[in-house]
Amino acid sequence: MKKLLQNSRNLAPDPMWLGHNKGSLAYRRILLALLCAGVATFAQLYSVQGLLPLLAQGLKITAAQAGLTISVATIGLAVTVIPWSFAADRFGRVPVMGTAIIAATILGLLSPLSPTFSVLLVLRTLEGMALGGIPALAIAYLNEEINKVHAAMAAGAYVAGTTVGGLLGRLLAGPIGELAGWRIGILGVSVVSAAAAVGFLVLAPAPRGFTPAPRVGFGRALSRLLPALRDRRLLALYTEAFLLMGSFVSVYNYMGFRLEAPPYLLPMAAVALIFLAYLAGTVSSRWAAALSVRAGRRNILLGSIAVMTAGLSITALAPLPLILLGLVFFTAGFFGAHSVASGWTGGLAPVRGVKTGRTGPAQAGRAQAASIYNLSYYAGSSAIGWASGFVFQSAGWSALVAVLAALGVLAAATALLLLPSGVPGRDG
């Protein structure tokens, strides 16, 4: 870690350097390193999602209370993404991400030792706070180190990697938890995440496009947020993140409870297999990012929201095969939308009034815009993911689908009204 920090400080970026090109060794190493970061982050963050019914049974709590183990972690992540971005402006993306991933792994290994539900919530909150140093910085890191021509596709590859992490965590935790209890299920995922953290530290190349920001006071640091909060295009993307992620987490939080109940009565190991739908997201995130270059980002974002909402509606039907089919479309649509929106945020920052270029003031705007996007993303996961549990408990799955579909319509309207149609390949 000390070596990474020194490299970040000592390497002076070349103003003429435009970033690593697709296919180069450094390009591949960056994507592999961020794949490892995605596995370590999202396997830990959402592993308990595959264990929620077991947690509810073992700790004698309700579905909404069990959902808090997800919400407190994502709240912790949401409130720390901006502080982490300030640290990264000063010390570098890679060393700060490395620090975050190590701290999160340690906390993940401690979580199975929780003696009570309250202690588990505290550890999950701290784990989420540590994980806040990874998602936003990953996109900023990509935009600084990879040629702008290839940045959108690289962002799609990174999002695809996060789906692998999320899928791996849920698939491991569910079957292990059914055999050995929820504590061992969490522990198994934490061990895998620790290995992925080591992979990130080994693979991440020294940065070439980063310039350390000077030490500034608290007020000056907060002023860096203002450009990212004044641009209506960025505000629209933050809204997309909040609404779509909230809907996505809600479906996966409570689908397990639905399928364990009559008439389905599926065992936990079988319920865990629903997360294989994440593979659709692995494909759609890269496909959407590549297609947006040709068809325009807003068009692909709207199309992805439409696919997501259609899939959600199909899950309201009773036959199990149709529920699973709907889940596949829903997941593919979500990750397509997230891939486009997250990459677009990096493309729109720095916003008007901030100097552009590979180095200098532009970097601060890029990191903060990405951090606010992630704050919105995980705030939606926390708030909507928790509140929707009360809808499910009181009115059932069909009511939950209706509420989440309304959020999808709101997201589409926001995109139509506030995001530019643009020219394909030049709309960010």
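The values are calculated or read from the model by the stated rules, or taken from the named source; none is laboratory data. Worth saying up front: this structure is predicted, and the values here are computed from it rather than measured. So basically every Cβ, Gly included, is an ideal-geometry build from the backbone, and we count neighbours across all protein chains shown.
So how many residues does the stretch 71-110 have that are β-branched (Val, Ile, Thr) and touching a Lys or Arg at 6+ places or on another chain (Cβ under 8 Å)?
Residues that pass the stated criteria total 1.
Results for (1) at pLDDT below 95; (2) over 29 Å from residue 76 (Cβ atoms); (3) more than 22 Å from the chain's Cα centre (by Cα), shown as yes or no for each residue.
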site	(1), (2), (3)
376	yes, no, no
379	yes, no, no
402	no, yes, yes
411	no, no, no
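Conditions tested, residue by residue: (1) surrounded by fewer than 21 Cβ atoms within 10 Å (Cβ to Cβ); (2) assigned to a helix (DSSP H, G or I); (3) of a type in the set (S, T, N, Q).
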site: 244; (1), (2), (3): no, yes, no
site: 257; (1), (2), (3): yes, yes, no
site: 278; (1), (2), (3): no, yes, no
site: 292; (1), (2), (3): no, yes, yes
site: 301; (1), (2), (3): no, yes, no
site: 324; (1), (2), (3): yes, yes, no
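Return yes when residue 134 is within 22 Å of residue 73 (Cβ to Cβ), buried (at least 23 other Cβ atoms within 10 Å of the Cβ) and in contact (Cβ under 8 Å) with a residue 24 or more places away in the chain and no when it is not.
yes
Could you tell me whether any residue of the stretch 343-353 is assigned to a helix (DSSP H, G or I), modelled with pLDDT of 85 or more and either touching a helix residue (DSSP H, G or I) at 6+ places or on another chain (Cβ under 8 Å) or under 30 Å from residue 84 (Cα atoms) (or both)?
Yes: one or more hits.
Take the conditions surrounded by fewer than 18 Cβ atoms within 10 Å (Cβ to Cβ) and modelled with pLDDT of 85 or more and apply them to residue 176. Does it pass?
Judged against the criteria, residue 176 is not a match.
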